[in-house]
Amino acid sequence: LAFCRGRVVRVPKGPLIRVVGTEVVIPCSVSDYDGPSEQNFDWEFSRDTDFVRIVSTWDSTFTSEEYQKRVGHGDIKLRRSSNDAVELVIRNIQPSDQGRYKCSTPSTDATVQGNYDAEVQVKVISDGLSVSGSKARSSMSLRLSEGDSFKLRCSAITTSPEHTHLHVTWQIKSGSTWRDILSLTHEGKFQPGPGYEERYRNGDIRLDTGANDTYPLSVSQASSVDGGAYRCLVSEWVRGADSSWQKIQEKSVEIASVAIQRTDVVISTSNASVTERDSLDLTCNITTDRSGIFQAEVMWYFSASPDDTLSDAQVLLSMDRDSVVSDSTLVSLSHVDRNSYRLLVRDVDVEDSGYYFCQAAVWVPLHNRSWHKVVERTSAPVGVVVTALEPDYEVFLNASKTPKFSDDPTELNCRITNVQDREANIRFTVSWYYRQRLRSDDVVTEELLATMDADWTLLPGDRSRERTQNGEIIFFKKAVDTFSLRIQWTSESDRGDYFCVISAWSRHRNNSWVKSKDVTSASVSIFWATQDYTLTVEAVKLKPFFVAGHTFEMTCKVSSKNIKTPRYSVLITAEKPLTDQSNPNGTTRIISLNQDSVVRLEDWTDQTRVDGVVLEKVQENEFRYRMYQTQISDAGLYRCVVTAWSPGGGGMWREAVNGLSNPIQIDFQMSG
């Protein structure tokens, strides 16, 4: 069947109705042909019977003299759309161009089959379309407030002799391109432009058909996106012979330039940083050029973060459009002027530091006496810093007891002085610190000995916890303005620098205590030089010569250095000749006197002379030894063994050093 059909040349089914002065495009295509893929086309025109050559794709001499000027100026031209299709373009068509147009294709087929040309009738009608805006020659300018409503009017009418339909489109240009808002198509359908679908469904964008062929555009709830130039674009359509709609012309007119004044909500303040107990004054300003009747609804919010949403923020206070304010004790809201609403927070607290913002809604009255909310806006947050009201005071640290030796007590007093404007809402606590002293330049961090929280609960540090629990370190309040630290028995490891920190706490409205200030004292050094203990014991025989049966008497005098309040214990020893079988070791412990002056017989075993030896304390550092009724067996070397004791922790005695006296000899042969 395809082989029998042969070449087919096609043009639109006529007549083609076109408006004088418009551009006409007549397409022509060929199919089912042999030869090269790119085909050539010739166009001819006839008003009656004879055809006049217009233009060709392949023969530059094809154009007749009648059309050479129009073709040369480009008013008539061919535009190839593909290898097998072209378009005849006639600009500014005139009534004289009405007639039959024939499209022909030279044969490239092996055999002549099918049709090689096709004709279409073009009918040129007069321009009966009129489009206008307001009565003024130029477009009008509108300056509106956000949330307002406005209406723009466009008039379109046609007196075309043909049965044509109009397609009306409202467009806006806010940049360099026009965008469709809403159309009433030639088929009688409303068609919102991209981005206007929801507003059309809500009734905020409407296109009505009014009397006198007017097409008014109504816009409600105007926003900033509605600012720009508006035009009315009208096209005229006719149904072709093939029942399809064809646009035969299009006209537009700029109607108005619309400026939308944005309604802004801004917080103004002169004291974004305030001191505790002062008042915070913020004003919410609604920026609008609205001149008619309106009421504002204002709500103030507080948030700890500038990024919080309204649902996360705390509502401080609100005022409805009737100026009714919600209740609050310390916060007030007043209507200062038409567009300003003042928030006053009295007796601010540190906890009032944060971000404040206000939300304002503008309401306008409607004809039915109801109110309509036209716009709602939230301000940017304003950061407010409330500075704590710091008490003015000084701290003085001194040592009421300083150790000179190990195990001496240490007592430090941290005193608060020169307190200015002290209030009942201020309380003081102390923290104690220790810093080890080093001879090098090494930096030593302080160690916390103890601190107090706001309710005066003592919290010992790691360094002092065990000794505090044992009662070796005591923290106490000596007076209303004095905190004290006592080390009962100071050790060498306690030597170093001590300082205290007095913290002031302020009581807030919710009765919680918040630290407002720290003042650190100068450090006090606890140090004493450590030297080796020395002990010297000197024994003296009181009677240089005596015989058996007489009394032996010797004294021991003790001297010591670098020992704190020493006490001495004394032991009398005797070194017997090696021939004395009673003591093969050579040294006998006879009698002792301890540091508490308690006497004890040691290795004295002579039952007949139980009271024959006496050791007594003559002075703090002098001791006397007597031995009555001496016997030949008492011969030997006698010494004083002395131990020095110093007071230790907990009332105990601590052994410091030992000393041995020179020997005193008992020799009866020599003394006889």
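List of remarks:
- Residue 286 being in contact with a helix residue (DSSP H, G or I) (Cβ under 9 Å, 6 or more places away or on another chain), touching a residue at least 40 places away in the same chain (Cβ under 8 Å) and either open to solvent by 60 Å² or more (accessible area, probe 1.4 Å) or assigned to a strand (DSSP E or B) (or both): no
- Residue in the range 458-465 that is within 35 Å of the chain's Cα centre (by Cα), crowded, with 19+ Cβ neighbours inside 10 Å and either at negative phi or among the polar types (S, T, N, Q) (or both) present: no
- Scanning the range 57-96 for residues that are assigned to a helix (DSSP H, G or I) and open to solvent by 70 Å² or more (accessible area, probe 1.4 Å) returns 65, 66, 68, 69, 95.
- Scanning the range 26-50 for residues being open to solvent by less than 50 Å² (accessible area, probe 1.4 Å) and in contact with a Lys or Arg (Cβ under 8 Å, 6 or more places away or on another chain) gives a total of 9.
- The numbered conditions (1) under 29 Å from residue 163 (Cα atoms); (2) among the polar types (S, T, N, Q); (3) in contact with a Phe, Trp or Tyr (Cβ under 8 Å, 6 or more places away or on another chain) are all true for residue 107 except (1).
- Some residue of the range 43-50 being touching a Cys at 6+ places or on another chain (Cβ under 9 Å) and assigned to a loop (DSSP other than H, G, I, E, B): no
- Selected residue (criterion: nearest to residue 184 (Cα to Cα)) from residues of the range 199-209 that are touching a residue at least 24 places away in the same chain (Cβ under 8 Å) and of a type outside the set (S, T, N, Q): 207
- Qualifying residue in the range 289-296 (condition: among the β-branched types (Val, Ile, Thr), surrounded by 14 or more Cβ atoms within 10 Å (Cβ to Cβ) and within 30 Å of residue 222 (Cα to Cα)): no
- Scope the range 97-117; condition of a type in the set (Gly, Ala, Ser), open to solvent by less than 70 Å² (accessible area, probe 1.4 Å) and closer than 22 Å to residue 39 by Cβ; matching residues: 104, 107, 114
- Residue 530 meets each of the listed conditions (1) touching a His at 6+ places or on another chain (Cβ under 8 Å); (2) open to solvent by 60 Å² or more (accessible area, probe 1.4 Å) apart from (1).
- Only one entry in 600, 626 is in a strand (DSSP E or B), over 29 Å from residue 533 (Cα atoms), modelled with pLDDT of 90 or more and in contact with a Ser or Thr (Cβ under 9 Å, 6 or more places away or on another chain), namely 626.
- Residue match in the range 348-358 (condition: open to solvent by 30 Å² or more (accessible area, probe 1.4 Å), over 30 Å from residue 506 (Cα atoms), hydroxyl-bearing (Ser, Thr, Tyr) and assigned by the TED database to the domain that holds residue 284): no
- Taking the conditions (1) surrounded by 13 or more Cβ atoms within 10 Å (Cβ to Cβ); (2) more than 24 Å from residue 509 (Cα to Cα) in turn, residue 322 satisfies each one other than (1).
- Selection within the range 406-427: residues that are open to solvent by less than 70 Å² (accessible area, probe 1.4 Å) and among the hydrophobic types (A, V, I, L, M, F, W, C). The member of this set that is nearest to residue 305 (Cα to Cα) is 426.
- Selected residue (criterion: modelled with the highest pLDDT) from residues of the range 561-576 that are open to solvent by 40 Å² or more (accessible area, probe 1.4 Å) and within 12 Å of residue 657 (Cβ to Cβ): 561
- In the range 500-523, the residue that is nearest to residue 387 (Cα to Cα) out of those that are in contact with a strand residue (DSSP E or B) (Cβ under 9 Å, 6 or more places away or on another chain) and either assigned by the TED database to the domain that holds residue 348 or among the hydroxyl-bearing types (Ser, Thr, Tyr) (or both) is 516.
- Tally, over the range 646-672, of residues that are open to solvent by 50 Å² or more (accessible area, probe 1.4 Å), in a strand (DSSP E or B) and either among the charged types (D, E, K, R) or modelled with pLDDT of 85 or more (or both): 5
- Applying the condition of being outside any strand (DSSP E or B) and surrounded by fewer than 14 Cβ atoms within 10 Å (Cβ to Cβ) to the range 360-383 and asking which residue is modelled with the highest pLDDT yields 380.
- Residues of the range 161-208 that are exposed (fewer than 11 other Cβ atoms within 10 Å of the Cβ) and outside any loop (DSSP other than H, G, I, E, B): 198, 201.
- The listed residue being modelled with pLDDT of 85 or more, surrounded by 14 or more Cβ atoms within 10 Å (Cβ to Cβ) and either part of a strand (DSSP E or B) or within 49 Å of the chain's Cα centre (by Cα) (or both), out of 489, 505: 505
- Within the range 23-34, residues that are under 15 Å from residue 117 (Cβ atoms) reach partners that are aromatic (Phe, Trp, Tyr) with beta carbons closer than 7 Å, at six or more positions or on different chains, in the pairs 26/101; 28/41.
- Residue 211 meets each of the listed conditions (1) at pLDDT 90 or above; (2) in a loop (DSSP other than H, G, I, E, B); (3) over 30 Å from residue 24 (Cβ atoms) apart from (1).
The values are calculated or read from the model by the stated rules, or taken from the named source; none is laboratory data. In this text the structure is predicted, and so the values were computed from the model without any measurement. Reconstructed Cβ throughout: ideal geometry from the backbone, glycine too, with neighbour counts over all protein chains shown. Just so you know, the surface numbers come from the protein's heavy atoms only, side chains and all, with ligands and any DNA or RNA stripped out. Shrake-Rupley method; radii C 1.70, N 1.55, O 1.52, S 1.80 Å.
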